[in-house]
Amino acid sequence: MIEMNKIENGPKLLAVPMLDFSREFAEIRDEVLAAIASVCESQRFILGPEVGRFEEAAAAACGVPFAIGCASGTDALWLSLAALKIGPGDAVITTPFSFFATVSSILRCGAKPILADIDEKTFNLSSEATRDVVKNASGHKHVVGVMPVHLYGQCADMNAFTALANEQGLKVIEDAAQAFGASWEGVRAGALGDAAAFSFYPTKNLSAFGDAGMVTTKDSVTSERASMLRAHGMRRRYFHDEVGWNSRLDTLQAAVLEVKLRRVEAGNARRRELAELYNQRFTSDGLAGATTADGVVLPFTDPRAEHVFHQYVIRAPRRDALREYLSGLSIGSEVYYPQPLHVQESLRFLGYKQGDFPVSERAAAEVLALPMYPELRVEELDSVVEAIRRFYA
Ligand SMILES: *Cc1c(COP(=O)(O)O)cnc(C)c1O
């Protein structure tokens, strides 16, 4: 099973896949296949009882009264915005250093995305930069919301965003797609804003066997609107109060998620242990530095955050060459994200240019995500660090 790479100097290194969900599947196979079979037997494929059960269990896990399952994380972002009545004429501030859906969902609901740079250490939307943008934007555009992203599994500075939102009358929409189970000062992601969006895309730390997502909120009106909008704006069958969409959570996916939700807490805890091991190895090998001028910069965890390490991301000197070297050894790594959103071709009409968000641009050039999943073996982690040591040696 274990593949070896032949290295001329030093011990052989293990090949390490960036992700290997077959290991998890082997552990949950019987349980998950039984859950799927049960949906097939019942033939209740659309909003079957598994959906409501999963929503209730997920809401409890996030510490909110309401969770609304939907078709994807992207739809969850759109539904959150639409349920909060954000639309044409409105503007929402968010980060250029995220997955594309963060910005495209704002456009999809008819509003305008306004970008602000990120914090150097956490890679999350900077509250100071957001405050500056709010100041400069007042008057010409109606800023109604802010969408911090809990990037890599660490919550953005929700004290600062909540204070700013209260002061300016803004809605806070959490993009919690990477942060199921994360918390900020003991409050779970999903319970920190007016609404939050989760993704259960197969690579996320809580994942389905296909596309799936969820909106959470503490507000009954927002919850009711989100569930109405995910089903064609119907409160009563075939009476359409608003133009919604079809974005229901598939019952088969809900059945899978019900099984996996029971394991996510343990999975997140294991991710934290593995992150700590990576940190220790990098430090004891003398590879860690305060900046990329003196080494690999390890992930920073804010003491107020409980990180779930959806990704373990370092800043690496000569990042692209390192990535190529690792790939030559069959060691997986990934760049999230190589091109910030403000310079994406499709978003040129927003009027931004290279140089507008230097912290995001530098992050895009330096970040490298290393293999991280609960089933990652310690020998594999050791091989990743050893390979990186050899690259810089
Ligand atoms: C994955 C992700 C999304 C989109 O979720 P999908 O389920 O793929 O639609 C949105 N935002 C962030 C930050 C993500 O990582």
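Restricting to Cα pairs below 8 Å that are 6+ residues apart, what does the relative contact order work out to for the stretch 24-258? Please round to a whole percent. Don't skip to the answer; put the middle values down first.
On the way: 520 pairs, mean separation 61.9, N = 235.
Contact order relative to length: 26 percent.
How far apart, in nm, are two points set 7 Å out from the Cα along the Cα-to-Cβ line at residue 262 and at residue 44?
1.9 nm
List 375, 273, 380 from most exposed to least, where exposure is judged by having the fewest other Cβ atoms within 10 Å. Walk me through the intermediate numbers first.
On the way: 375 17, 273 12, 380 20.
Least crowded to most crowded, the residues run 273, 375, 380.
How large is the helix-only mean residue ellipticity at 222 nm for the chain, computed as the sum of -39500 (n - 2.57) over DSSP H runs with n ≥ 4, divided by its residue count, in deg cm²/dmol to the nearest 500? Provide the component values of the computation, followed by the final result.
Working: 11 runs with 154 residues, N = 393.
Helix-only estimate at 222 nm: -12500 deg cm²/dmol.
Label residue 27 and residue 239 with points 7 Å out from Cα along Cα→Cβ: what is the distance between them in nm?
Between residue 27 and residue 239, the simple spin-label model gives 4.9 nm.
Once you have the alpha carbon radius of gyration of the stretch 24-258, what is it after dividing by 2.2 N^0.38 Å, with N set to its residue count? Provide the component values of the computation, followed by the final result.
Values: Rg = 17.6 Å, N = 235, 2.2 N^0.38 = 17.5 Å.
Normalised Cα radius of gyration, the stretch 24-258: 1.01.
Would you grab the residues whose amide H sits under 5 Å from the one on residue 13? Only those 5+ places off in sequence or on another chain, please, with H modelled 1.01 Å from N.
Residues meeting the criterion, in which the H sits 1.01 Å from N, are 5, 7.
Within a 10 angstrom radius of the beta carbon, how do 54, 200, 209 rank from fewest other beta carbons to most? Walk me through the intermediate numbers first.
Values: 54 27, 200 32, 209 18.
Listed from fewest to most nearby Cβ atoms, that is 209, 54, 200.
Once amide H atoms are placed 1.01 Å from N in the peptide plane, what residues at a sequence separation of 5 or more from residue 91, or on another chain, have their amide H within under 5 Å of its amide H?
Sorted by chain and number, the residues that satisfy this are 112, 142, 143, 144, 145.
Sort the following peptides by mean Cβ neighbour count (other Cβ atoms within 10 Å, averaged over residues), highest first: 76-86, 98-108. Walk me through the numbers on the way to the answer.
On the way: 76-86: 27.2, 98-108: 21.5.
Listed from highest to lowest mean packing, they are 76-86, 98-108.
Specify whether the C-alpha gyration tensor of the chain places it in the rounded, prolate or oblate class, a ≥ b ≥ c being the square roots of the eigenvalues: rounded for a/c under 1.5, otherwise prolate if a/b is larger than b/c and oblate if not. Write out the running numbers ahead of the final one.
Values: a/c = 2.11, a/b = 1.24, b/c = 1.70.
The shape class here is oblate.
In percent, what relative contact order does the stretch 264-391 have, based on Cα pairs under 8 Å that are 6 or more apart in sequence?
Working: 150 pairs, mean separation 39.7, N = 128.
For the stretch 264-391, the relative contact order is 31 percent.
Within the chain, count lysine pairs with alpha carbon atoms under 18 angstrom apart where the residues are 8 or more positions apart or belong to different chains.
12
Relative contact order of the chain, please, whole-number percent, based on alpha carbon pairs below 8 angstrom and at least 6 residues apart. Please list the in-between numbers first.
Details: 822 pairs, mean separation 83.7, N = 393.
Relative contact order of the chain: 21 percent.
Mind listing which trypsin sites (Lys or Arg not before Pro) in the stretch 334-393 are in a DSSP loop and have 10 or fewer other Cβ atoms within 10 Å?
On the way: sites: 348, 353, 362, 377, 389, 390; in loops: 353, 377.
Taking the stretch 334-393 and a limit of 10 other Cβ atoms within 10 Å, the loop trypsin sites (Lys or Arg not before Pro) found are 353.
In nm, what is the difference between 0.36 nm times the number of residues separating residue 356 and residue 168 and their Cα-Cα distance? Kindly include the intermediate steps, with their values, before the conclusion.
On the way: separation 188, 0.36 × 188 = 67.68 nm, distance 2.43 nm.
Here the answer is 65.2 nm.
Just rank 342, 240, fewest to most, by other beta-carbon atoms within 10 angstrom.
Details: 342 24, 240 14.
Ordered by Cβ neighbours within 10 Å, fewest first: 240, 342.
Residues with amide H under 5 Å of residue 118's amide H, sequence separation 5 or more or different chain, H placed in the peptide plane at 1.01 Å from N; which?
Under 5 Å from the amide H of residue 118 lie the amide H atoms of 126, 359, 360, each far enough along the sequence or on another chain.
Work out, step by step, the length gained on full extension between residue 327 and residue 224: first 0.36 nm times the residue separation, then minus their alpha carbon distance; give nm to one decimal. Show your work: numbers first, answer last.
On the way: separation 103, 0.36 × 103 = 37.08 nm, distance 4.76 nm.
Working it through step by step, the gained length comes to 32.3 nm.
Every number here is computed from the coordinates shown, using simple stated rules; none is lab data. What you see is a predicted model; the values in this text were computed from it and never measured. Glycine also receives a Cβ, built like all others from the backbone with ideal geometry; neighbour counts cover every protein chain displayed.
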